[in-house]
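Before any comments, here is the structure.
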Amino acid sequence: MGDTTVRFTYRQAPGGGVRWTQPSRHRLRAETLLRTRDHSGAAAVGGNRNLMSVDISCPSCGYDDCVQSVPAIRASGTSTVYGTDYYSGVGVSSLGPVPVMGSSLVERTQSSYLAQSLAPEPGFRGAGRLTTLAVVLSLPAVGYFAAGAVLISRPQPDVSTASIVMGTFGLALFLALPSLLILWFAFRRLRRSARIRRGAPAAYAVWRAGVYCHRCGMCFWPFAPAAGIPVRHPVPPGGFQGIVWNAGGYLNDA
């Protein structure tokens with residue numbers, strides 16, 4: 001076995017001193033390849049092990065010492081915080097205004113800007129509150145519909161049926177317009193959520209294979225996890241997220 005020579009690098013510090021930098025092969029241009037075993041290929045060829053080389057060096061700066069997988073960045077940049085919130089105010093009782101104070105347990109999810117820009121899917125928007133609001137606003141319209149049905153079932157000699165229909169049902173329809181509009185927005189949210197859930201498996205397959213370089217702030221794919229994905233092409237986090245969301249089919253649902 002030949003001798004191995006290790007070079008120690010010294011740099012001139014701003015104050016006139018000498019700073020020693022620990023030698024590291026990661027400081028060199030990343031020509032080393034990450035090798036992974038292809039077990040499926042080995043089983044198909046009677047136990048022979050085929051090696052597949054994946055270059056994880058950044059295509060923008062050429063180094064691999066600051067490269068991290070996108071799922072790891074997302075996991076480390078998202079945290080859940082539990083705490084207690086205190087509130088105070090004024091309430092109304094049978095004796096008049098009274099001060100109100102109390103506390104409640106809260107749960108907050110905090111994400112860094114980088115973790116948010118690398119999210120695999122847009123946030124879900126619930127439709128429960130909109131549906132409840134629409135039901136509450138539709139109560140007057142339901143009452144007018146019921147009153148119109150009662151008046152039609154009991155015809156009056158001096159009031160025609162047509163006037164009853166035009167009066168009660170027309171007013172009920174007018175009162176129901178806000179609730180119908182809110183229900184339409186709730187339905188759109190439900191369709192959007194269903195679209196995201198359908199496309200999430202394809203988007204996650206592309207998202208999991210992504211890599212981010214902290215040195216130059218670029219994302220790239222060392223290999224193509226799906227058709228049409230650019231291999232070893234640096235893209236900013238926003239462009240990376242757009243490619244992932246487009247793979248899931250919900251790019252326009254942001």
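The values are calculated or read from the model by the stated rules, or taken from the named source; none is laboratory data. All of these numbers come straight from a predicted model, not from anything done at the bench. Note: ideal-geometry Cβ built from the backbone for every residue, glycine included; neighbour counts use all protein chains shown. These area figures cover heavy atoms from the full protein model, side chains too; ligands, DNA and RNA do not enter into them. Shrake-Rupley method; radii C 1.70, N 1.55, O 1.52, S 1.80 Å.
Across segment 71-113, the number of residues qualifying as among the hydrophobic types (A, V, I, L, M, F, W, C) and under 30 Å from PRO237 (Cα atoms) comes to 4.
For every residue, the table says whether it meets (1) open to solvent by less than 60 Å² (accessible area, probe 1.4 Å); (2) touching a residue at least 24 places away in the same chain (Cβ under 8 Å); (3) within 23 Å of ASP64 (Cβ to Cβ).
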position	(1), (2), (3)
PHE145	no, yes, no
ARG154	no, no, no
SER193	yes, yes, no
TRP221	yes, no, yes
GLY239	yes, no, yes
GLY248	yes, yes, no
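Hey, does segment 73-95 have a residue that's in contact (Cβ under 8 Å) with a residue 24 or more places away in the chain and under 27 Å from PHE174 (Cα atoms)? No, segment 73-95 contains no residue that is in contact (Cβ under 8 Å) with a residue 24 or more places away in the chain and under 27 Å from PHE174 (Cα atoms).
Looking at ILE243, ILE182, just one residue is open to solvent by less than 60 Å² (accessible area, probe 1.4 Å) and closer than 23 Å to LEU114 by Cβ, and that residue is ILE243.
What about VAL106, is it β-branched (Val, Ile, Thr) and open to solvent by 70 Å² or more (accessible area, probe 1.4 Å)? So VAL106 does not fit the description; no. Residues in segment 202-219 that are farther than 11 Å from VAL244 by Cα and either free of Cβ contacts under 8 Å to residues at least 24 places away in the same chain or of a type in the set (Lys, Arg) (or both): 2 in all. Within the bounds of segment 111-124, is there any residue that is under 30 Å from TYR212 (Cα atoms), at pLDDT 85 or above, open to solvent by less than 60 Å² (accessible area, probe 1.4 Å) and of a type in the set (S, T, N, Q)? Taking every residue of segment 111-124 in turn, at least one turns out to be under 30 Å from TYR212 (Cα atoms), at pLDDT 85 or above, open to solvent by less than 60 Å² (accessible area, probe 1.4 Å) and of a type in the set (S, T, N, Q). Of all residues being under 21 Å from ASP55 (Cβ atoms) and aromatic (Phe, Trp, Tyr) in segment 213-251, which is nearest to the chain's Cα centre (by Cα)? Just the residue, please. Filtering first and then ranking leaves PHE240. Scanning segment 63-101 for residues that are open to solvent by less than 40 Å² (accessible area, probe 1.4 Å) and modelled with pLDDT under 90, we see that the one that is nearest to SER117 (Cα to Cα) is GLY77. Conditions: (1) in contact (Cβ under 8 Å) with a residue 12 or more places away in the chain; (2) farther than 24 Å from ASP253 by Cα. SER160 meets all but one. Number of the miss? Every listed condition holds for SER160 apart from (1). Evaluation of TYR204 against the conditions (1) surrounded by 13 or more Cβ atoms within 10 Å (Cβ to Cβ); (2) at positive phi shows that the sole unmet condition is (2).
Of all residues in segment 105-121, those that are among the aliphatic types (A, V, I, L, M) have Cβ atoms under 6 Å from Cβ atoms of residues that are in a strand (DSSP E or B) and at pLDDT below 80, 6 or more apart or on another chain, in VAL106/GLY83; VAL106/ASP85; ALA115/THR78.
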